[in-house]
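Student: Sharing a structure, written as structure tokens. Questions coming.
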Amino acid sequence: MPGDIAPIVVGVDGSAASRGAVRWAADEAARHGCPLTVVHALGIPVPFGLYEQESAPAGDAAALVRGWEPTVEVETVVAAGEPSDVLCEQSHRARLVVIGSRGLGGFAGLLLGSVGMHLSSHAACPVLVVHHAERWAGPETSLPSLPQDGPVVVGVDGSSGSVLALELAFEEAAARHLPLAVVRAWQGPDSGSASAEAAAGHALAAEVEPWQAKYPEVRIDLRLLPGAAAEVLTRASEHAVMVVVGVRGRGGLTGSRLGSVSGQVLHHAAGPVLIARAAGATTETAADRPYRRIGVGVDGTEPGWTALSWACDEADAGAADVTIRHTDPSHQIRDPRPDESALERVDPVLARHLHAVRDRLGGHVDFEVADGGAVDALLDLADRADLLVLGAAVPARLGHLSTAARVAAHAPVPVVLVPAPAPPHRQGPFAGHVVVGVDGSAESHAAIRFGYRYAHLHRVPLAAVHVSARAAGDFWFDETTLETHFATEPESTELLAAAVEPVAARFPQVPLKRAVFLGPPVEGLRRAADGAVLLVLGRRGHRLPAPLRLGSVSRAFADRPPGVVAIVGSPG
């Protein structure tokens, strides 16, 4: 078997359901041009004389594969051990693991038992669970493969889990020549607002756009549907070839748990469910994660609610805990840690937002009411966090720093400023990228490290941008080789290479673009960041006087961000 091509792994136990799962696995292997490994777990040590009899399901399944898909290279693995352990071990070298939702022996009651949940929650690659797989066990049946059979459906919510789900869903739709329905559930305190619904629609389109550009042949249908996510996706599964869902990042470095939405869809969907787990998911280290504790400041205004929504998405993506600190200018909330019933009486809007966050993140949310000035309260929160998230508001007086900018000038951790309302969707040169401003300083080195960790977490490309007022010097373009030649290597490209390459070596899976823009720094970075998912800038040294710490560039973006902006200081 080719050692450089990851196989598809399918679990078998001799049942009709596992034969149907083999049918799906063989079809996946043929469509994606990869080998297939048929795995049978014996459960307990088997006496030598019974080994051949007990291992028969693997050989029988391999024979079926050769009949269905003669071009697929197939091997068998028979191993002693619990099915969940055997398949999880196999997942470390696999492109995909396929299992039936019902079976005999070790795979009996898979969906409702510990085996299926364990595999879907801890496998090191995506998992395809085929509901009612016995329907495809017979030689006379055919798998759904025509547009009239239904689309591939994918559920998205803006998290890194849904980014991976989108990637796999586009890949499946392209391989099967099927349309793709991208579904986002729409509910919450602002669900009745036309402007909020329009903004959610724009956000959904922006989330899909990079993948549509990569797979232009896939016809997409964007669906913003009312209701709870699990119910919406379960209904959509009734008319779908398969449903693709992501996992939530709640499980730390030992493995992400499945999440309530994905778990409910897995149990109740009418057809196959593809759980979008990252290949090699269990190899991530703490050093590759940008933050574990997120602090977010809210004050009852729209920028604060937008910041809270962004922080909630980040916590869900990165397995982070969240502390919400309310800077209450009216001082109506006197208890520093009020319960939700008391909060409902004093500030029902705040109570609804807090309930929505806790419903999504569970017990990973703390809430505090600040006592004192907003800047001091938020800096105190920053001392206990790895990341601080604030709403960005235009300063009340010309020439004065906003509260968020003043906090960003002093905070010992990166500060993310989220504008509200969200800026209009645009298509700049690095739309869908993390854009990092690079000038060779220690602060921009810190920004590069933060940007790479964020891009790694969210599986998006990174653009390192240096803005220079100097022209590149003499150069020419060769039309034959399509290459640009410089008389001397421009200083800007050398600066970018020296700054980026040491960090890029640690994140080879993050696509990188290096760019030099001409003109004033603020103007150049605004052009580069048009449509970016995040702009990351370095902050000046902490030893400078407070008014100078942001510098003219970061101050310009802190007060009037074109999108989400992270301001990062140098360590130490």
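The values are calculated or read from the model by the stated rules, or taken from the named source; none is laboratory data. Since the model is a prediction, treat every value here as computed from it, not as a measurement. We place every Cβ from the backbone using ideal geometry, glycine too, and count neighbours over all the protein chains shown. Only protein heavy atoms, including side chains, enter the accessible area calculation; ligands, DNA and RNA are left aside. Shrake-Rupley method; radii C 1.70, N 1.55, O 1.52, S 1.80 Å.
Student: What is the packing order of peptides 381-388, 59-66, 75-82, 126-133, taking the mean over residues of other C-beta atoms within 10 Å and listing the highest first?
Tutor: 126-133, 381-388, 59-66, 75-82
Student: Using 1/(1 + (r/R0)^6) with R0 = 41 angstrom and r between the beta carbons of Glu75 and Ala213, what's the FRET efficiency to the nearest 0.05?
Tutor: So, using R0 = 41 Å, E works out to roughly 0.65.
Student: Right, next: Lys and Arg at +1, Asp and Glu at -1: add these up for the other residues within a Cβ distance under 15 Å of Glu140 and post the number.
Tutor: +2
Student: What does the charge count around Val418 come to, taking other residues whose C-beta lies under 14 Å from its C-beta (Lys +1, Arg +1, Asp -1, Glu -1)?
Tutor: -4
Student: Please compute the modelled spin-label separation between His355 and Ala56, points set 7 Å along Cα→Cβ, answer in nm with one decimal.
Tutor: Here the answer is 5.9 nm between the modelled labels.
Student: So, R0 is 22 Å and r is the distance between the beta-carbons of Ser441 and Leu379; what FRET efficiency does that work out to, to 0.05?
Tutor: Efficiency at R0 = 22 Å is approximately 0.40.
Student: Let me ask something additional. Heads up, I need the accessible area for Ser84: 1.4 angstrom probe, whole protein in place, Å², nearest 10.
Tutor: The accessible area of Ser84 comes to roughly 20 Å².
Student: Just subtract the alpha-carbon distance of Ala469 and Ala194 from 0.36 nm times their residue separation and send over the number in nm, one decimal.
Tutor: So the extension gain works out to 94.6 nm.
Student: Can I ask one more? Would you mind putting 513-526, 431-444 in packing order, based on average other-beta-carbon counts within 10 Å, highest first?
Tutor: Top to bottom by mean Cβ count within 10 Å: 431-444, 513-526.
Student: Let me ask something else about it. Among residues other than Gly440 whose Cβ falls under 12 Å from its Cβ, what is the net charge (Lys/Arg +1, Asp/Glu -1)?
Tutor: In short, -4.
Student: Label-point separation (nm) for Arg66 and Ser341, each offset 7 Å from Cα along Cα-to-Cβ?
Tutor: Placing both labels 7 Å along Cα→Cβ, they lie 7.0 nm apart.
Student: Given a Förster radius of 25 Å and the C-beta distance between Leu222 and Ala270 as r, what FRET efficiency does 1/(1 + (r/R0)^6) yield to the nearest 0.05?
Tutor: 0.70
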